[in-house]
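No lab work stands behind these numbers, since they all come straight from the coordinates. Please read all numbers here as calculations on a predicted model, not as lab measurements. Note that we place each Cβ from the backbone using ideal geometry, even for glycine, and neighbour counts take in every protein chain shown.
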Amino acid sequence: MRIGQGYDVHAFGDGDHVMLGGVRVPHDRGVLAHSDGDVVLHALCDAMLGALALGDIGQHFPPSDERWRGADSRTFLRHCNSLIGERGYRLGNADITVVCERPKVGPHALAMREAIAADLGVEVDAISVKATTSEQLGFTGRREGIAAMAVCLLLRA
Ligand code: MG
């Protein structure tokens, strides 16, 4: 088995939605990002890459690369999953925590789990998405941005 963890942050900016776990979530802000700024998928990708000791998402998909401008982060997720398969592993499970005051994540959590599971070719119960506020403390508490943490376990295929 191999374990990995990931963390990602994006600042809020102008916009009317945020992408979270591949799901478009209506919000009164967007996020500042080169790609679609999906903190859930970015944290999960980093966890998957970390489990393989293959660096981080910024090395695989550099923000300086115009190919990734506005990119659908599901592309990154599927690529990381293919790296796992190439090395003889499969995703056992993943657990993701979103940290923000708003938008409310709970009503969208199942849709995120389903979208991620579909992209990774695993059962929905292998993917957990949960959320917490930071009790109005820090940058997430001041609603300046949104953060996500992820862990995953890889099993020998
Ligand atoms: Mg990111």
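Magnitude of the Cβ-charge dipole of the chain, K/R +1 and D/E -1, about the Cα centre, nearest 20 debye?
280
Could you work out how far helix 106-120 tilts from the main Cα principal axis of the chain, as a 0 to 90 degree angle to the nearest 10?
Between the helix axis and the principal axis of the chain, the angle is about 30 degrees.
Quickly estimate the mean residue ellipticity at 222 nm for the chain, helices only: each DSSP H run with n ≥ 4 gives -39500 (n - 2.57), and the total goes over all residues, rounded to 500.
For the chain, the value works out to -9500 deg cm²/dmol.
Take the alpha carbon atoms of the range 1-72, find their center, do the same for the range 103-157, and report the distance between the two centers in whole angstrom.
12
For the range 12-157, what is the Kirkwood hydrodynamic radius in Å, using each pair of distinct C-alpha atoms?
One decimal place: 15.4 Å for the Kirkwood radius.
Quick one: which residues, 5 or more positions from GLY15 or on another chain, have an amide H under 5 Å from its amide H? H modelled 1.01 Å from N in the peptide plane, none for Pro or chain starts.
Those qualifying (amide H under 5 Å, at least 5 residues apart or on another chain) are GLY30.
Within 10 Å, count the other beta carbons around each residue, average over each peptide in 13-20, 133-140, and list them highest first.
Ranked by mean Cβ neighbours within 10 Å, highest first: 13-20, 133-140.
By how many degrees, between 0 and 90 and to the nearest 10, does the Cα long axis of helix 73-86 differ from the longest principal axis of the chain?
Result, in degrees: 20.
Projecting each Cα onto the charge dipole of the range 1-124 (Lys/Arg +1, Asp/Glu -1 at the beta carbon, about the Cα centre), which of GLY106, PRO62, VAL18 comes out farthest on the positive side?
Among GLY106, PRO62, VAL18, the one farthest towards the positive end of the dipole of the range 1-124 is GLY106.
Given H placed 1.01 Å from N in the peptide plane, which residues other than close sequence neighbours of TYR89 have an amide H under 5 Å from its amide H?
ALA157
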